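The values are calculated or read from the model by the stated rules, or taken from the named source; none is laboratory data. Predicted model only: the values in this text are computed from it and were never measured. Here Cβ is always computed from backbone atoms with ideal geometry, including for glycine, and neighbour counts include all displayed protein chains.
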Amino acid sequence: MESVRSEADAQQEPSSSSGGMRQVLALALSLSILQIGFGIIMPIFPFYIVELGVGATELGILAASFAIARIVLAGPLGRLSDRVGRKPVLIFALVGFAAANVIYAFANTILVMIAARMLEGAVSAGFFPAANAYVSDVTTVENRGKAMGYLSMGSNVGFVVGPTVGGIMAQFLGFRLPFIIAAGATLFTLLLILVLIHEPDRHDATREMDTKPAPSLREVFGCNRKAYSVLGFAMFTTMFSIGILEVAFMIDAVVRLGITPIEIGAFFGIMGVTMIFGSVIFGSISDRAGRTPLIVIGSFIGTIAMFMFALASSFFDLALAGLVLGIGFSMRGPSIQALIADLTHPRSYGVVMGAYGAVSNSAYVVGPLLGGYLYDQQGTSVVSLILGAWVATAGGVAAWVGLPMSTKPVCETIESESSGENGSQASD
């Protein structure tokens, strides 16, 4: 397998040069515009739910419907991006995003909103794994953490500009117009993808996808079963905590703390600024110091942030907790994505990213549903947030115990050691 990876790395080398990094930056720019559209509507959902006369449980169902659609389609669309290419899947997904936002704008019942949310989840199941796989296609182990950091930075720009603009618009223009603007931002992203992004020149084996099936997940995960499993658990704990926060705490912030749409937008903006700079800084650090230490530390910082949210009593407390959470996310997120890519043969990036998308979305089903239910039962988000804190801690402990500290792909490390042992035995 080492020789196969060596051939793949050799053929990837041209794409992994400055030209490959330019493609990553173009994709990051496109993703930032898309996430601005997402960000515009983020401060609106809690108020929209209150306007429709439903509670936290319904908001949890709305969030979970997005994740359920992604679970069903993440694997098939990830495999599709391996077969037909990354760019066609990205384009298809963007058309769906625009349609979902138009439906949101005219929704007058929770059922219509759930339908739009499921459509959004379905197409996002293709977009984000394909984007991550694209970065893996055009980078090497040496610069992949930095590239994933750029992609995260592009995504996080949307969480600075989008929620701030969306909060202001919701405050003064109502809750529906921002969805139309989000649809427009999505169509602009589609134009950028069409013009700036080129299908990567992948390994020869990937050019035979239409006649040669991709390896099964069992084959892909067989070499690094323990590391893949721990990464899946770490990703699950991250998304579970996010789901708790976005449903239980956001409703609590509106009802108990009296937070306005502008303040919710500012909260996401503060967290986004932190993640913009943190993703690039910590992504580069992970290339030098290793992925695992940052995953572990980021998980424990996330635990601290969840307790801070539980104790928050003002907007200042909310903003400070968001700052801490942003640091934790920017350490953990790019490092997890880069380590997954390190462990995976280029020909299987799409299906692997799709599988991990299913894992994270499973957590985003459980977290919002449980968070919404507990909030409606308790009348507060404190219990949910403490639960989220302990789950984040479990993810950090699992990463500490179960992930490799080496920055090299585990398969290469194992095979290099095996080759060394065989060589020494032969010399003996």
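Here Val324 clears all of (1) in contact (Cβ under 8 Å) with a residue 24 or more places away in the chain; (2) assigned to a helix (DSSP H, G or I); (3) not basic (Lys, Arg) except the condition numbered (1). If the condition is being surrounded by fewer than 24 Cβ atoms within 10 Å (Cβ to Cβ), closer than 30 Å to Asp342 by Cα and in contact with a Ser or Thr (Cβ under 7 Å, 6 or more places away or on another chain), then region 240-277 contributes only Thr274.
Return the only residue of Glu120, Glu142 being acidic (Asp, Glu) and part of a helix (DSSP H, G or I). Answer to the check: Glu120. May I ask you to verify whether Thr292 is more than 30 Å from Phe175 (Cα to Cα) and out of contact with any Pro (no Cβ under 7 Å at 6 or more places or on another chain)? No: the conditions fail for Thr292. Residues in region 140-156 that are over 15 Å from the mean Cα position of the chain (by Cα) and either surrounded by fewer than 24 Cβ atoms within 10 Å (Cβ to Cβ) or free of Cβ contacts under 8 Å to residues at least 24 places away in the same chain (or both): 5 in all. Taking every residue in region 279-303 that is in contact (Cβ under 8 Å) with a residue 60 or more places away in the chain and among the acidic types (Asp, Glu) and pairing it with any residue that is surrounded by 19 or more Cβ atoms within 10 Å (Cβ to Cβ) and part of a helix (DSSP H, G or I), at least 6 positions away or on another chain, the pairs with Cβ-Cβ distances below 6 Å are Asp287/Gly145; Asp287/Lys146. Of the residues screened, Ala310 is not one that is in contact (Cβ under 8 Å) with a residue 60 or more places away in the chain and under 20 Å from the mean Cα position of the chain (by Cα). For Ser406, which of the numbered conditions (1) at pLDDT 80 or above; (2) under 19 Å from Phe282 (Cβ atoms) fails to hold? Only one criterion is unmet by Ser406, namely (1).
Yes/no per residue for (1) closer than 28 Å to Met250 by Cβ; (2) surrounded by 24 or more Cβ atoms within 10 Å (Cβ to Cβ); (3) at pLDDT 85 or above:
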{"site": "Ile336", "(1), (2), (3)": "yes, yes, yes"}
{"site": "Ala341", "(1), (2), (3)": "no, yes, no"}
{"site": "His345", "(1), (2), (3)": "no, no, no"}
{"site": "Val352", "(1), (2), (3)": "no, yes, no"}
{"site": "Asn361", "(1), (2), (3)": "yes, yes, no"}
{"site": "Gly372", "(1), (2), (3)": "yes, yes, yes"}
{"site": "Thr380", "(1), (2), (3)": "yes, no, yes"}
{"site": "Thr393", "(1), (2), (3)": "yes, no, yes"}
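Of the candidates Phe172, Phe188, the single residue that is more than 23 Å from the chain's Cα centre (by Cα) and either at pLDDT 70 or above or among the charged types (D, E, K, R) (or both) is Phe172.
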